[in-house]
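Single-structure report; data block below.
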């Protein structure tokens, strides 16, 4: 059985015309473009912005929090379940590799307020 994969917002997904997996699971694979495996972009989730794993915690919001002086130790424990050190480190690596994207997301969010 062959599957057609397409790239949507930085995430490789099964094409809508392709057969689903037996259990109906939607396949998401982080592409080999430097994107951290702990960071995902999923269409329809947080506007397709980069998030921590399968949570609705955006990378830009963590970067903005750090810019406002909130220490990593606080960020690690502010969520339920807490962020892991590996997740937070992935956020910093992703933001360092994609500064224009993160700055754009922060600006866009601040314009809404």
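Read-outs: derived from the displayed coordinates by stated rules, not from any lab. On a predicted model such as this, the values are computed, not experimentally measured, just so you know.
Length gain on complete extension for the stretch residue 92 to residue 77, per 0.36 nm per residue less the alpha carbon to alpha carbon distance? All intermediate terms of the calculation are to be shown ahead of the outcome.
Working: separation 15, 0.36 × 15 = 5.40 nm, distance 1.65 nm.
Result for the pair: 3.8 nm of gain on full extension.
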Output the direction-averaged projected area (hull surface divided by four) of the convex hull of the alpha-carbon atoms of segment 34-112, in nm². 5.1 nm²
